[in-house]
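Have a look at the structure below before the remarks.
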Ligand SMILES: Nc1ncnc2c1ncn2[C@@H]1O[C@H](COP(=O)(O)OP(=O)(O)O)[C@@H](O)[C@H]1O
Ligand SMILES: [Mg+2]
């Protein structure tokens with residue numbers, strides 16, 4: 001289970017390939033039209049005033065392009081990009097070196113920003129607001145607070161759980177954008193662009209077939225494209241048609257809705273062992289021998305969006321569509 005679940009997240013192969021497939025400029029960034037338009041305006045305005053871009057919060061499920069956008073922003077602003085993540089910053093001191101090395105308009109990207117500790121978060125407030133940090137040197141009677149002025153940088157925070165962000169931190173972002181799952185047509189465009197970069201012969205129907213099973217997620221689309229490419233090369237002449245894509249994805253256990261064995265197992269457990277739910281996330285995670293966070297961050301978002309799962313105050317419920325899709329009949333739904 002754990003291995004399969006991890007397979008949904010980014011592995012090393014992914015990371016390397018994603019780097020080569022990552023769009024560098026806003027014009028190459030497909031989809032999210034509203035966000036792209038607002039961001040373009042914000043960037044142009046900042047450039048016109050010769051000012052850094054305001055601090056920006058990006059929220060949304062994994063694999064939708066948060067890290068990609070942060071890179072694009074630094075490229076568009078023509079500034080340096082520095083990345084870290086909430087869990088990586090253990091003490092406020094870890095941030096001093098990073099912050100003092102930032103130049104005017106540079107981008108500091110903090111991934112999983114909802115996982116910053118309270119102390120670190122509070123240390124960030126004056127850095128974000130006044131571009132100033134206070135740090136204490138020496139101990140006891142000789143302790144002194146030193147103020148240090150920073151260059152005006154842009155903090156870009158990314159989070160899969162915008163609800164977990166504290167109000168004071170959220171309030172310090174001038175801009176906040178949410179990324180939604182991608183439309184089919186956008187996924188098709190992303191796949192065609194990736195196929196071009198990877199020299200895969202992908203026809204329109206093949207792209208449609210992969211896009212349909214990509215869970216609205218560019219990272220998944222790119223991963224499925226590679227699996228289909230392997231299959232097409234080994235079992236056929238390398239060309240990816242709808243039939244080849246369909247056979248390849250069936251062989252991978254990716255069904256018509258894009259669900260993989262883990263998704264199906266989650267729904268099956270709710271339907272079979274909890275009579276369709278509601279079941280609390282903790283109990284569900286325990287039954288599946290998984291971390292609740294992984295379920296919430298990796299598995300749930302698409303099941304919710306696809307209408308297969310519902311979140312209620314008493315826990316998670318599988319929907320009638322989920323039962324139908326799996327060919328199961330939960331007692332509570334009958
Ligand atoms: N809008 C997009 N257009 C084209 N490719 C995209 C887009 N968004 C994401 N991708 C692809 O998906 C991969 C994963 O995106 P990433 O930015 O790492 O997601 P997140 O940080 O939200 O988890 C990227 O490497 C890129 O190849
Ligand atoms: Mg990311």
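The values are calculated or read from the model by the stated rules, or taken from the named source; none is laboratory data. Note that the structure is predicted; figures quoted are calculated from it, not measured. Heads up, the Cβs are rebuilt from the backbone with ideal geometry, glycines too, and the neighbour counts pull from every protein chain shown.
Scanning the stretch 32-44 for residues that are surrounded by fewer than 20 Cβ atoms within 10 Å (Cβ to Cβ) and more than 16 Å from ligand 2 (Cβ to nearest atom) turns up 33, 34, 36, 37, 38, 40, 41, 42, 43, 44. Might you check whether a residue that is under 30 Å from residue 306 (Cβ atoms) and either part of a helix (DSSP H, G or I) or touching a strand residue (DSSP E or B) at 6+ places or on another chain (Cβ under 7 Å) (or both) occurs anywhere in the stretch 135-156? Yes, there is a match, as at least one residue in the stretch 135-156 is under 30 Å from residue 306 (Cβ atoms) and either part of a helix (DSSP H, G or I) or touching a strand residue (DSSP E or B) at 6+ places or on another chain (Cβ under 7 Å) (or both). Checking each residue in the stretch 45-70 for being within 16 Å of ligand 2 (Cβ to nearest atom) and in a loop (DSSP other than H, G, I, E, B) picks out 60, 61, 62, 63, 64, 65. Restricting the search to helices (runs of 4 or more DSSP H) fully inside the stretch 245-308 and requiring at least 1 residues that are more than 19 Å from residue 218 (Cα to Cα) gives 261-273, 281-288. Residues that are away from ligand 1 (no atom under 16 Å from the Cβ) and either crowded, with 23+ Cβ neighbours inside 10 Å or in the same structural domain as residue 327 (by TED's automatic domain parsing) (or both) occur at least once in the stretch 200-207.
Here's the yes/no breakdown for (1) in contact (Cβ under 8 Å) with a residue 12 or more places away in the chain; (2) within 16 Å of ligand 2 (Cβ to nearest atom); (3) under 24 Å from the mean Cα position of the chain (by Cα):
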| residue | (1), (2), (3) |
| --- | --- |
| 92 | yes, no, no |
| 97 | no, no, no |
| 101 | yes, no, no |
| 106 | yes, no, yes |
| 112 | yes, yes, yes |
| 115 | yes, yes, yes |
| 119 | yes, no, no |
| 126 | no, no, no |
| 131 | yes, no, no |
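Among residues of the stretch 71-88 being more than 16 Å from ligand 2 (Cβ to nearest atom) and outside any helix (DSSP H, G or I), the one that is surrounded by the most Cβ atoms within 10 Å (Cβ to Cβ) is 79. Of the candidates 256, 152, the single residue that is more than 26 Å from residue 20 (Cβ to Cβ) and in contact (Cβ under 8 Å) with a residue 60 or more places away in the chain is 152. Screening 199, 194, 214 for residues that are in a helix (DSSP H, G or I) and over 30 Å from residue 129 (Cα atoms) leaves exactly one candidate, 194. Quick check on residue 24: is it over 16 Å from the mean Cα position of the chain (by Cα), assigned to a loop (DSSP other than H, G, I, E, B), surrounded by fewer than 21 Cβ atoms within 10 Å (Cβ to Cβ) and within 13 Å of ligand 1 (Cβ to nearest atom)? Criteria met by residue 24.
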